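Bear in mind that the values in this text are calculations on the coordinates, not laboratory data. Since the structure is predicted, the reported quantities are computational estimates derived from the model, not experimental observations. Note that each Cβ is placed from the backbone with ideal geometry, even for glycine, and that neighbours are counted across all protein chains shown.
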Amino acid sequence: MNVTLFLISAVFLALLGCHPDHSDSSKEKYKKLTLTSKVKVAVKEVSNKGDFIDWHPAAAAGEKFLVKKVWSKTKRRTCKSCHRGYSLQEIKGKDYPRSHWNINLKHASSQVMNCQTCHNQNKVWKFNFGEKTVSANHTPKLCLQCHFKQQKDWEIGAHGKRANGWQQQRAVYNCVSCHNPHQPAFQKKWPKVGPYRPINNEGRL
């Protein structure tokens with residue numbers, strides 16, 4: 001009987017110890033802490049905003065963020081210096097100097113895609129997006145047509161990398177900032193060997 005009373009008392013005391021005070025003052029304190037945690041920290045604007053484009057997530061509830069540019073007028077002029085509006089088929093002919101043919105396309109099988117799946121036929125510096133074209137700075141639109149499973153992760157921040165600090169407006173890298181579009185899978189790498197540190201006479205580093 002004494003053992004039973006002891007066990008009941010122990011359980012009762014444990015429950016009292018685990019549960020916080022539910023008085024009105026305790027509830028008010030909890031409400032204040034909850035409201036404080038919901039107050040957002042002031043976010044600094046990105047200083048070099050011209051290096052980014054605005055991105056509006058597909059989800060209606062998603063907040064707009066910035067995406068790092070990977071293309072410029074200088075790069076476009078470089079493409080146009082050879083292509084000048086000629087189609088890929090024309091440039092592949094013997095009358096024009098060849099370029100880029102050493103690129104090994106390991107993105108999907110040749111039955112699924114080739115150069116013109118992404119590059120526009122007449123303006124190779126533009127990329128096919130349905131019946132429209134987009135610039136390289138908007139390539140996520142192109143990539144997410146197939147990689148729709150990664151779209152949500154990228155837009156909410158679970159996939160990809162930040163292009164600036166966490167205290168600034170959210171800005172992320174473009175898909176092709178990290179992935180080579182012709183061979184998007186990351187190659188295997190050997191782990192980097194740590195720096196050599198000699199051991200002293202006492203056997204310590």
Name the trypsin sites (Lys or Arg not before Pro) in the range 115-205 that are in a loop by DSSP and that have at most 11 other C-beta atoms within 10 Å, would you? Lys161, Lys188, Lys189, Lys192, Arg204
Tensor-based shape of the range 49-178 (alpha-carbon gyration tensor, a/c under 1.5 rounded, otherwise prolate or oblate): prolate
Compute the distance in nm between two label points, each set 7 Å from the Cα along the Cα-to-Cβ direction, one at Gln145 and one at Asp51. 3.0 nm
Which chymotrypsin sites (Phe, Trp or Tyr not before Pro) from the range 108-184 combine a DSSP loop assignment with at most 14 other Cβ atoms within 10 Å? Trp166
If contacts are Cα pairs under 8 angstrom and at least 6 residues apart, what is the relative contact order of the range 49-178 in percent? 28 percent
With +1 on the Cβ of every Lys and Arg and -1 on the Cβ of every Asp and Glu, the dipole magnitude of the range 49-178 about its Cα centre, in debye rounded to the nearest 20, is 440 debye
Quick check: pseudo-label points 7 Å beyond the Cα along Cα→Cβ at Gln183 and Ser25, how many nm apart are they? 6.9 nm
For the pair Tyr196 and Lys132, what calculated FRET efficiency results from E = 1/(1 + (r/R0)^6), where r is the Cβ-Cβ distance and R0 = 35 Å, to the nearest 0.05? 0.05
Between the modelled labels at Ser110 and Tyr86 (7 Å from Cα along Cα→Cβ) the distance in nm is 2.3 nm
